[in-house]
Amino acid sequence: MKNKFIIFATSVLALASCSFLDVVPENTATLGDSFTTTQQAKQFLYRVYNYMPNTSSFRWAPDMCAGGDLITGPAGDLVWFGYRSVLCGNETPDGTYFSFWDGGNALGRQPVYWDLYKGIKYAYMYISNVDSVPDMPESEKTRTKGEAYFLIAYLHWTLMQYYGPVVIIDHEIPVDAPADEMMMPRSSWDDCVNFITATFDTAASMLNPTVPNNELGRATSVAAKAYKARVLMYAASPLVNGNEAYSSFVSKEGTPLMPLEYDNEKWKKALDAIQEAITLAESNGYALYKSGTAGSDDADQGRLNYYHCFVETDWADQKEYLFAIGAQPGEGVNIQRIAGVRVWDGSVYNGSQAVNYTGNGFRQYLVPTLQIAETFLTEKGLPLWADPDTKDKTLSELVADSDGDGISDFCQNRDPRFYATIGYDGGDYTSNSATYKLELRYHQKHGYTGDTQTEYNGSCTGYVLQKFISVNSTYDESTNRMSLAKYPFPYLRLAELYLDYAEADFEYDGSLSATGLGYLNKVRDRAGLPDFEESWNQVGMPSGEDMRKALHYENMAELACECRLYHNLRRWNLAQEWLGHTPDGLNIEGESVQDFNTIATLKEQSKFPRVFEYPKTNWLPIPRAEIENNNLLVQNPGYN
């Protein structure tokens, strides 16, 4: 798998961190030298790309695990697993594990120093200076300016997803600007949305829809339009569209920072933007990925399509990814801690129980939750709560092995994407140059060891993650060496646009149009599922809240473990319902099939019980130092 252009992000020296109020760049005296040649100017731009935070690692952003689709074992300390600070109420203005606002000191053993405002500053600096580059063609100046505008919009939007309304930087702030120009208030949510979407439009007008293979990872007009659509989708959603919980969230002048009246037309704006992005993408060759490996039937083909979409593709052949980043820091850590086969051969298996785990090789403690496994559909294309075979059963009844074949009922007759995503006891698992039968029960090869002192003790939920794990990710026990098949991580896929269209289509007028159904069925067809209408006609087409819930489940299944659930649960205004309690899993101390396949509350650090304070926990706190340095800033609700 080739991780081409974006490799620069890990090799270019990262710039030092500081507040956005610090407008004096490093090496000011040599700024002009950065724009003497085309190569130097591009190196400057690549450094701006380096300010895009890595949100696909459980160590450096809350996105991967704070949405409840993935979880790490209870033994690991909070300082290594900062996402728990979001789930357990540990975030405060005086101590955060995710320093995106100011790039200041973050808590944790591997603190995060993403200074997004500084990246914005450097992007404007690039725009102001690139015209002076003597040997750069005008077309390249235009294109790279478009990249800088894309980064300005992207970094503002990233801040909004974590903090809500932000301070808009709409121009380059001069080095010698007076203090009053640097002290700026937070703009309203709607003003932020308008600025960001307009900036994405500006970027799109300057960018090409595709890039050469040796430049994969650079911004395109398709990516800009797709992100514009995502912004408007969020803006139309109930968390920020007429939510009275923010009635007291106002600026220093008393102006509401959130829209307090519901505006249904925001769904139409989102719908139009999504259609624009889809049309541009499809007309330029983007399409849902389908595997070149033939399956045994439609369902198996759907499984292979979905599985190979994330592990077996050369990035140059991957036309579904509208924006992706490859070779990121932490990518290998993710794979090493996901792969489900952590005991590799009989020599390290002591007859009746696994040896204590040493931490070498695959570590198997970043695992999917029972909660996300529930969201996958049945083979009929229906959610568990709607399928006649499952809807009247309790979760305890669903996970049992009622027919005694050694496999939980819960893991049979499911959506093909389930098998491409979830590894379960008795099921096949692909990794380390082979396909294995998982043995996940207590003291079995791949199961819980009983060691409560380290996180290297097996899956805490009873499941392991198959998605993102290639057969080509290997560990050689004799040499204690790993070879990991790394991949570009999809930050935005075409499938998301299709699903978002269907959701916005329904939310706008309460029904699904032929276009909305068509886009939804593209995703289902690729997954080997019947069309939406065919599935639901078995039980009656849903409407109202049932349709909304059905569309949410379509989204959660397709985008499972891709760092989207954290944001989608919040925009749907469901995070407090899904994340405000300790989740359940299987009984990992069960040695028999019967005992293992029972429901047990997960063991989490008792000193940090889960808490979701609404609406506080929807956003991260702005660092206190920023509030003190800028008397126009107000803090997020609940953190005062």
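General observations
- Segment Ser132-Asp300, length gained on full extension (0.36 nm per residue, minus Cα span): 54.9 nm
- Residue-wise HN-Hα coupling along the range 519-533, computed from phi with Karplus coefficients 6.51, -1.76, 1.60 (Hz; x: Gly, Pro): 5, 4, 6, 4, 5, 5, 4, 4, 7, x, 9, x, 4, 4, 5
- In the chain, a dipole from Cβ-located charges (positive for Lys and Arg, negative for Asp and Glu) runs towards its positive end, and of Ile372, Tyr122, Leu31 it is Leu31 whose Cα lies farthest in that direction.
- Rounded FRET efficiency, nearest 0.05, which uses the C-beta distance separating Lys393 from Ala75 and R0 of 51 Å: 0.95
- Overall, the accessible surface of the range 356-452 at a probe of 1.4 angstrom is composed of carbon and sulfur to the extent of 42 percent.
- Probing with 1.4 Å while keeping every protein chain in the model, the per residue accessible area of the chain equals 36 Å².
- Put Met125, Met184 in order of accessible area, highest first, and with a 1.4 Å probe you get Met184, Met125.
- Separation between Cα centres of the range 432-455 and the range 75-138, rounded to whole Å: 36 Å
- Point-charge dipole on Cβ atoms (K/R +1, D/E -1) for the chain, about Cα centre, debye to 20: 1280 debye
- Using the Karplus relation 6.51 cos²θ - 1.76 cosθ + 1.60 with θ = phi - 60°, the per-residue 3J(HN,Hα) values for the range 547-553 come to 5, 4, 5, 4, 5, 4, 5 Hz, with x marking Gly and Pro.
- Under 5 Å, built H, 5+ apart or other chain: amide partners of Tyr491: Phe323, Ala324, Ile325
- Distance between the 7 Å Cα→Cβ label points at Ser511 and Asp272: 2.2 nm.
- Under 17 Å from Lys42, Cα to Cα: lysines that are on another chain or at least 8 residues apart: Lys4, Lys121, Lys141, Lys145
- Each Lys and Arg adds +1 at its Cβ and each Asp and Glu adds -1 at its Cβ; summed about the Cα centre, the range 173-273 shows a dipole of about 480 debye.
- Given charges at Cβ of Lys, Arg, Asp, Glu: the chain dipole, positive-most of Tyr519, Phe596, Tyr321: Tyr321
- Taking label points 7 Å from Cα along the Cα-to-Cβ direction, Glu215 and Val539 give a separation of 4.9 nm.
- For the chain, relative contact order (Cα pairs under 8 Å, six or more residues apart, normalised by length) works out to 19 percent.
- Distance between the range 602-640 and the range 298-334 - C-alpha centres, whole angstrom: 35 Å
- Gain on full stretching of the segment that runs from Ala625 to Asn105 - 0.36 nm per residue minus C-alpha separation: 186.1 nm
- Put simply, when 290-303, 482-495 are sorted by average Cβ atoms within 10 angstrom per residue, most first, you get 482-495, 290-303.
- Per-residue SASA entry for Tyr419, accessible area with 1.4 Å probe, Å² rounded to 10: 60 Å²
- Surface calculation, 1.4 Å probe, protein heavy atoms: Val539 sits at approximately 60 Å² accessible.
- Global form of the range 493-588, assessed from the alpha-carbon gyration tensor, a/c cut-off 1.5: prolate
- Whole-percent carbon and sulfur share, accessible surface of the range 178-234, 1.4 Å: 52 percent
- Dividing the helix sum by the residues of the chain, where each DSSP H run of 4 or more adds -39500 (n - 2.57), gives a mean residue ellipticity at 222 nm of -10500 deg cm²/dmol.
- When only Cα pairs below 8 angstrom with a gap of at least 6 residues are kept, the range 396-483 shows a relative contact order of 24 percent.
The values are calculated or read from the model by the stated rules, or taken from the named source; none is laboratory data. Just so it is clear, the structure is predicted and the values come from calculations on it, not from any experiment. Cβ atoms come from the backbone with ideal geometry, glycine included; neighbour counts cover every protein chain shown. Accessible surface areas use protein heavy atoms only, side chains included; no ligands, DNA or RNA. Shrake-Rupley method; radii C 1.70, N 1.55, O 1.52, S 1.80 Å.
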